Each structure stands twice: as C-alpha cells, then as structure tokens.
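Notes follow the structure.
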Amino acid sequence: MSRHSPIHGFLSRHTRKVGLVVSILVLLAAPLLFGQGRGFYTASVFKGMVLDNLSVLIAAVGMTLVILCGEIDISVAAQLAVCGVVGGTLSQRGLPIPAAIVCTVVCGAVLGLINGALVSWLSIPSIVATLAMWVLLENGLIVVTKGVWVQDLPADFQWFGLGLGTGQFVFAVIALGVFAVVAFALRKTEWGRRFYAVGCSHEASLRLRIHPTRVVPTAFVVLGALMGLAAMIHYCRYPEIETGAGGGLELQVIASVVVGGAAISGGRGSLIGTLLGVVLLGVVTAVLAFTPLESTADKAVQGAIILIAVVADKVVKGKGQGSRVEEGAS
C-alpha cells in the first residue's frame with residue numbers, strides 16, 4: 001500500500017481507533033472458541049449489553065472533559081449513588097419525574113462544583129480531593145439512609161424499566177444525544193478547545209486568556225451533572241435503589257476514556273475514542289460471562305487495560321520527545 005494513499009493516511013491518523021474496532025470484533029468472536037455462540041449471539045444479550053452501558057457512556061463523556069484537563073475524578077460511583085438516592089427519594093415523596101430528574105442533575109452538578117473548587121481553587125491534587133469526596137459521600141450516604149434502600153417507588157419512575165421498549169429507546173436517545181452534543185462542542189467550539197488548551201499547558205493557556213481556574217471547575221461540574229443524569233437512567237431500571245450501588249464504576253469509566261486514547265496527563269483525547277472504549281469494555285464484560293472465567297475477572301481486565309494504556313502512552317510520548325530532540329540536534 002502506497003504511503004500516500006488515502007487508506008494509508010486514514011490508518012496512520014486513526015491507528016488507536018482502528019485497533020479498538022479490531023479488538024472489539026475479535027472479542028465478539030471469542031464465545032465461539034468456548035462453544036457458547038448459540039447463547040451469546042442473541043438479541044437479548046446485545047440489548048442487555050447496550051442498556052448496561054448507557055449510563056457508563058454518559059459518565060465517560062463527562063470524565064473525558066476532566067481527563068482532557070489533566071485531572072481525574074474517582075468519586076463518580078459515590079456521586080451516582082448519592083444522586084440516585086436523591087432522585088428516588090424525591091420521586092417517592094411525590095415530586096413529578098421531570099422535576100426529580102432536574103433536581104438530580106443539579107445535585108450532581110453541585111458535587112462536581114465542590115470537586116472542582118477543591119482541585120482548582122484550593123490546589124488540591126484531583127486524585128486526593130476526589131478520593132476524600134468518595135469516602136465522604138459513600139459513608140455519609142450510609143449514615144443518612146442507615147443503609148436502607150429506597151423502596152416503594154412510583155410506577156412512573158420505572159416507566160424506563162427493563163421490560164418497556166419505549167423507555168429503553170428513550171434511554172438510548174438521551175445517551176447518544178449527550179454524546180453528540182458534547183462531541184460537537186469539543187471539536188467545533190471555542191468552549192471545547194479550552195479543555196485541550198488547559199490540559200496541554202496551564203501557562204500557555206493563560207497566555208491565550210484561557211483561565212484554568214474556570215475551565216477545570218467547568219469540567220467537574222459537567223461531569224457531576226452527567227452523573228446525576230446517569231443515576232436516573234441507571235436506577236430507573238430497578239424496583240429499588242440500593243444505597244451502595246455503583247461500586248467499580250469509576251474503574252470502568254476511567255478505563256474507557258484512557259483506552260480510547262485520552263492522555264492521562266491531559267491535552268489529548270476524543271469522544272469517538274471514549275465511545276469505542278465503552279463498547280470494548282462492555283463487550284469484555286459480556287464475553288466473560290460466557291467463558292469459564294469468573295465474571296468478576298472484568299475488574300482485573302479493566303485494571304490491566306488502564307495500566308497498558310498508560311504505559312503505552314508514556315512510551316509513545318517518550319519516543320516523540322526523543323525524535324524531536326534528534327531533529328533539533330541535526
């Protein structure tokens with residue numbers, strides 16, 4: 001293939017994304033190796049795969065903004081639980097579902113603002129600030145609820161339930177709508193380019209009159225608001241709201257963003273890559289359920305994926321810096 005051909009140019013520009021697509025296709029073929037093709041390749045399995053990952057996609061969209069800024073938020077699972085309990089309790093007490101959704105999104109945005117303030121205005125490292133927030137929210141929720149699940153939810157709260165095709169369609173439209181709007185904003189607007197600028201260099205962004213103390217909190221607020229929306233989508237599928245649900249979500253969300261090509265140090269990433277990362281990890285979880293491996297192995301796989309992606313990013317970045325040094329010396 002000629003190095004100047006359109007196909008070669010496309011592959012060279014989108015190596016990571018092409019690799020993700022190939023990996024997804026290979027994983028989808030894996031059940032055949034274990035003689036599980038008949039059970040795996042069914043409409044119900046693929047439908048469940050999609051529904052299980054809609055809230056993950058929404059959360060990953062927000063996490064992409066945070067990671068683009070060179071920050072991270074490991075409190076998202078606790079935010080999901082808190083927002084879910086808030087939304088469920090308000091609905092249980094008679095608040096109309098649309099109003100409950102708005103309140104839940106606002107609750108998430110407030111939690112995100114607190115994280116953003118700790119990181120940007122008090123200069124606390126994001127992993128420390130969000131770890132503290134995670135512990136505070138998780139244990140505070142247990143204290144407030146005494147570990148009791150939110151039950152007796154109104155019928156309209158579960159209109160989006162597992163057996164309702166219309167609600168499931170609305171789920172998908174909401175998730176894809178969020179993805180499309182933020183993806184457009186990142187690629188086509190000055191608002192979106194600010195996240196890349198801050199992630200590349202705080203000093204350079206200041207020279208461009210882009211203030212990290214505004215952009216970073218914005219990323220956390222957007223993530224928090226999307227966690228509120230994700231909570232409603234996640235919990236509306238069940239008859240009860242478990243106060244301790246959502247554990248492990250942070251690993252899945254971060255892994256999706258990083259394996260999708262976002263640099264953990266900030267400044268590089270795309271929502272198309274994030275979408276492919278969500279699909280890849282969703283397929284991994286589904287495939288593991290049809291293999292002799294334990295279903296809990298997906299957490300180990302997610303951790304391994306994060307490690308491999310970060311190491312690969314460091315290696316590539318090191319080679320890039322090395323080549324620039326050689327070019328400058330010559």
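Here are some notes:
- Annotation: Phe171 fulfils all but one of (1) under 19 Å from the mean Cα position of the chain (by Cα); (2) at pLDDT 90 or above; the unmet one is (2).
- Residue within the stretch 251-273 that is in a helix (DSSP H, G or I), of a type in the set (Lys, Arg) and touching a residue at least 24 places away in the same chain (Cβ under 8 Å) present: no
- Among the residues listed as Ile114, Ile124, the single one being in contact with a Gly (Cβ under 9 Å, 6 or more places away or on another chain) and farther than 20 Å from Gly248 by Cα: Ile114
- Among the residues of the stretch 128-149, those that are within 22 Å of the chain's Cα centre (by Cα) and surrounded by 13 or more Cβ atoms within 10 Å (Cβ to Cβ) comprise Ala129, Thr130, Leu131, Ala132, Met133, Trp134, Leu136, Leu137, Glu138.
- Selection of the stretch 111-155 for residues being among the β-branched types (Val, Ile, Thr) and within 28 Å of His211 (Cβ to Cβ) yields Ile114, Val119, Ile124, Ile127, Val128, Thr130.
- The residue list Thr291, Thr285, Thr243 contains one member that is within 20 Å of Ala175 (Cβ to Cβ) and of a type in the set (Val, Ile, Thr), which is Thr285.
- Against the criterion of being at pLDDT 90 or above and either closer than 23 Å to Val144 by Cα or not hydrophobic (A, V, I, L, M, F, W, C) (or both), Arg237 does not qualify.
- Being under 23 Å from Ala60 (Cα atoms) and not charged (D, E, K, R) holds for only one residue in Thr145, Thr189, and it is Thr189.
The values are calculated or read from the model by the stated rules, or taken from the named source; none is laboratory data. The structure presented is a predicted model; accordingly, all values stated were derived computationally and were not measured. A quick note on method: Cβ atoms are made from the backbone with ideal geometry, for glycine too, and the neighbour counts reach across all protein chains shown.
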